[in-house]
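Structure record follows, encoded as structure tokens.
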Amino acid sequence: MKNNTLDDITKKLEQGIKDVMTGSGSQYKEWLKFISSFHTYSFNNAMLIFLQNPNATLVKGYKDWRKLGRYVKKGEKAIKILAPIISNKKEKSKEEKAEKQEKKKAEEEKNELEIKGFRYVNVFDVSQTDGEPLPRSITPQMLEGDSEELKQLLSEWISAIDIPVVFEDTGSANGYYHLVENYIAIHKDRSTMQQLKTLVHEYAHHLLHRKNGGEFNTVTTDIKESQAESVAFIVMAHYNFDTSKYSFPYVAGWSGDIDIIKKIGTDIIKCSHTIIEKLGTKEQSKEVVTA
């Protein structure tokens, strides 16, 4: 990636995400189709599912499982959740027509959805079904690399940014940015290369999404994660580190949008440039090219 401009790197990122989403080996299109049929359950229904089957992972109604080629096993006990009873309520309203017709009035009927109550419906966990195998999710590959040069570079980058960084056990996450206390936490047991990339990712969250001053602090989580990881890829690529095996599936998994870079391209280039200026030039930082 030597001598690539930020625009070149961004184009590589966009193509990489497209490859993840459309490649026959990734089965990503199949995965998107699968998750698109899921409902977003309310807190009450999530609690109902947990109380009846704490080991549940994916739940759907009998007919929805049939559509996916799976069948509820004989004798399985349904999980009961609440579904709203919805009816159409017709109302009439009056509107004044504009300009020359402002004195004339027209009545319009418009349909308004009205929740009249709730009823129990039956759903089943995937473990209660048999049939067609489920599509595999796309999992980013953890980055590897623990040389002394990388550790020195990590120390330099931490010193260069303007917020505290701590190392701790962050569970399954590689790290996080604390919106309230304004610091970055990085998983203490990850490889140095993964820690470098996570540092940039979380610092991008700080610049873009912090509550006070973050230009994009109100966008949806999928956009936030797509922005932060895209910035991480661009910045790492600038310093000759290839994080595509992690970054491409990560952004594709969060965005679900093959044209995501077209939507956030200007923002991520601007943020990447800010971080690169903060971290210093390639000559100021140690260049380490990894396989």
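A short reminder: the numbers here are calculations on the coordinates, not readings from a lab. Treat the numbers as computed from the prediction; the structure is a model and nothing was measured. Here Cβ is always computed from backbone atoms with ideal geometry, including for glycine, and neighbour counts include all displayed protein chains.
The table for this structure:
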{"item": "With eigenvalues of the C-alpha gyration tensor scaled by 5 and rooted, region 157-209, Å", "result": "16, 12, 10"}
{"item": "Potential lengthening between residue 178 and residue 152 on full extension [0.36 nm per residue; Cα-Cα distance subtracted]", "result": "6.9 nm"}
{"item": "Other-chain or far-sequence residues with amide H under 5 Å of residue 70's (modelled H)", "result": "132"}
{"item": "Net charge contributed by nearby residues that have their C-beta within less than 12 Å of residue 163 (K/R +1, D/E -1)", "result": "-1"}
{"item": "Table column - 3J(HN,Hα) (Hz), region 56-67, Karplus curve with 6.51, -1.76, 1.60, x for Gly and Pro", "result": "5, 10, 10, 10, 8, x, 3, 5, 5, 5, 4, 4"}
{"item": "Cα gyration tensor category, rounded, prolate or oblate, for region 132-291 with a/c compared to 1.5", "result": "rounded"}
{"item": "In sequence order, calculated HN-Hα J values of region 160-175 (Karplus, 6.51, -1.76, 1.60; Hz; x Gly/Pro)", "result": "7, 7, 9, 9, x, 10, 10, 10, 7, 7, 9, x, 6, 7, 7, x"}
{"item": "Order by protection proxy (mean Cβ within 10 Å, highest first), peptides 190-203, 261-274, 162-175", "result": "190-203, 261-274, 162-175"}
